[in-house]
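Presented below is the structure to which this report refers.
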Amino acid sequence: MLFVSMAAWLQVYFLGAISGGYIAINLVVIIVVAIAGMRSLKLAIAAAIMGGFWLEVASVTDFGARIIFLILLVLGIQVFKRLGLLLEHRGLFVIVCLISALLYSIWLLIWAWFGLGEISWPPEFSGVLVAESTIVIAISFITFGQLRRLVAGRQYG
Amino acid sequence: MRRLSRRRKLLISIVMLLVLVVGGATGWLPIHKVAFQAFSPIGNILNKSGVRLSRAFDELGQLGSLGRQIDELEGENLSLNSRLSQLSELEAENSQLRNQLGYAARSKVQTISVEVVNFQPDGVRQFVHINKGESDGIRKGAVVIDGDALVGRVIDVSGGSAVVMLVNDPEFRVLVGNQNGTTTGIVKGQPGGAVIMERIQKNQNLHTNDTIVTSGLDGEFPKGLVLGKVESITESNDGIFLVANIAISADLRRVRLVQVVR
């Protein structure tokens with residue numbers, strides 16, 4: 001749990017200060033995907049609540065949207081695992097992280113749309129999604145091995 | 001028996017989660033403020049490290065363009081460069097504070113200098129937390145500026161911190177006009193950080209590169225705060241009005257020190 005909390009603090013305060021708020025560096029999503037793919041459902045749900053909670057604390061609007069998304073993400077990955085698609089390969093892990101991060105941004109846009117009543121999809125938002133996706137691909141690709149060791153521990157180590 | 005116990009555990013967890021989400025969303029549980037205040041010391045340390053790293057990247061970029069000049073200066077050496085990089089951090093802060101005096105000195109309004117603690121961690125909404133609050137004289141609705149430029153407004157205040165909605169948030173609205181007063185419209189933010197000016201009458205005289213300032217007509221923002229410059233002008237979807245894309249003056253990606261108008 002401390003691992004997810006640290007990732008959330010790093011995402012909100014440290015990486016947020018570097019990127020200047022426009023582009024989210026979705027560390028929490030990547031770590032929740034890793035835990036959901038490599039550990040038990042119970043632990044993954046707990047990680048989703050903890051990671052989501054810290055994102056909620058740092059966010060101003062739509063309290064609950066991040067926790068709900070991360071729980072749904074864990075449940076989705078669980079279905080994925082039951083179908084026999086385990087996140088043991090780097091390529092598959094990167095693809096799942098990428099789709100999850102994209103869905104996360106779209107999910108938040110939908111919540112904003114519900115909150116504000118009207119919202120558009122300007123070209124700048126597509127640019128933000130491209131930038132966020134590139135960063136997610138890079139981070140998940142580079143850290144896959146370490147995450148597998150850290151998250152899965154003896155199961156895969 | 002064992003099954004029932006597991007079910008109970010699950011039920012309790014779901015109820016607790018619902019209380020957390022509903023309580024936080026409706027505001028009857030002050031989770032947000034309490035947790036934010038409690039963890040702000042860790043946040044401050046991480047944020048300052050992030051700001052330093054960000055500045056180091058900026059300086060690296062500047063060094064590239066200064067490369068040619070450095071070659072021409074025979075006497076310059078590495079020790080001078082390293083001293084310069086230490087000083088430039090302080091210099092950037094000083095020049096920002098000097099710039100901020102612009103609007104405050106001209107209009108004789110009282111302002112409070114504040115630091116940005118963290119940004120909203122997604123690209124849809126645009127908020128920042130600042131390190132001063134009610135106990136420092138900051139009130140809800142106060143206007144936030146960076147020199148002559150409008151940054152946003154305070155939407156929530158607690159004892160030692162406050163939340164600022166930035167001008168590029170999709171919920172932000174302000175009545176504006178161009179600097180020579182020939183055009184009026186409404187500026188609002190967009191997901192992804194862009195800013196547009198809407199409700200511009202077709203017969204009004206607006207050109208690219210016109211400076212857009214607050215009109216003061218809404219009674220919420222003082223007149224004359226700079227929003228930015230017109231980048232492009234297109235027709236609105238309904239064909240009745242014009243829509244202008246605005247390049248905002250305040251560098252919201254790098255905003256660290258701002259002023260709150262009392």
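The values are calculated or read from the model by the stated rules, or taken from the named source; none is laboratory data. These numbers were taken from a predicted model, which means no experiment stands behind them. Cβ placement follows ideal geometry from the backbone for every residue including glycine, while neighbour counts extend to all protein chains displayed. Remember, those area values only see protein heavy atoms, side chains included, never the ligands or the DNA or RNA. Shrake-Rupley method; radii C 1.70, N 1.55, O 1.52, S 1.80 Å.
For this structure, a couple of remarks:
- Qualifying positions in the stretch B:205-241 - hydrophobic (A, V, I, L, M, F, W, C), in contact with a strand residue (DSSP E or B) (Cβ under 8 Å, 6 or more places away or on another chain) and assigned to a loop (DSSP other than H, G, I, E, B): B:L206, B:L217, B:F221, B:L225
- Summed over the stretch A:95-106, residues that are of a type outside the set (S, T, N, Q) and open to solvent by less than 10 Å² (accessible area, probe 1.4 Å) total 3.
- Where B:A105 falls short, out of the listed (1) modelled with pLDDT of 70 or more; (2) hydrophobic (A, V, I, L, M, F, W, C); (3) surrounded by 10 or more Cβ atoms within 10 Å (Cβ to Cβ): (1)
- From the options A:A58, A:A65, A:A47, A:A34, residue that is more than 13 Å from every other protein chain (Cβ to nearest Cβ) and closer than 23 Å to B:L18 by Cβ: A:A47
- Single condition B:S232 does not satisfy, out of (1) touching a residue at least 12 places away in the same chain (Cβ under 8 Å); (2) open to solvent by 40 Å² or more (accessible area, probe 1.4 Å); (3) more than 14 Å from chain A (Cβ to nearest Cβ): (3)
- The numbered conditions (1) in contact (Cβ under 8 Å) with a residue 40 or more places away in the chain; (2) more than 11 Å from every other protein chain (Cβ to nearest Cβ); (3) β-branched (V, I, T); (4) over 23 Å from B:V15 (Cβ atoms) are all true for A:I99 except (1).
- Flag not set for B:S88, criterion: modelled with pLDDT of 70 or more, within 14 Å of chain A (Cβ to nearest Cβ) and surrounded by 11 or more Cβ atoms within 10 Å (Cβ to Cβ).
- Taken as a whole, the condition of being at pLDDT 90 or above and under 29 Å from B:D58 (Cβ atoms) does not apply to B:D251.
- Residue check: B:Q179 meets all listed conditions (1) at negative phi; (2) open to solvent by less than 20 Å² (accessible area, probe 1.4 Å) but one, namely (2).
- Test: residue in the stretch A:107-114 that is within 14 Å of chain B (Cβ to nearest Cβ), open to solvent by less than 30 Å² (accessible area, probe 1.4 Å) and not in a helix (DSSP H, G or I): no
- Residue, nearest to A:S105 (Cα to Cα), within the stretch B:182-195, restricted to residues that are open to solvent by 20 Å² or more (accessible area, probe 1.4 Å) and either within 14 Å of chain A (Cβ to nearest Cβ) or out of contact with any strand residue (DSSP E or B) (no Cβ under 9 Å at 6 or more places or on another chain) (or both): B:I186
- Residue that is at pLDDT 80 or above, under 30 Å from A:L86 (Cα atoms), facing chain B (nearest Cβ under 8 Å) and surrounded by 15 or more Cβ atoms within 10 Å (Cβ to Cβ), where the choices are A:E124, A:E132: A:E132
- Complete set of residues in the stretch B:200-219 that are within 24 Å of the chain's Cα centre (by Cα) and either in contact (Cβ under 8 Å) with a residue 40 or more places away in the chain or open to solvent by less than 60 Å² (accessible area, probe 1.4 Å) (or both): B:D210, B:T211, B:I212, B:V213, B:T214, B:S215, B:G216, B:L217, B:D218
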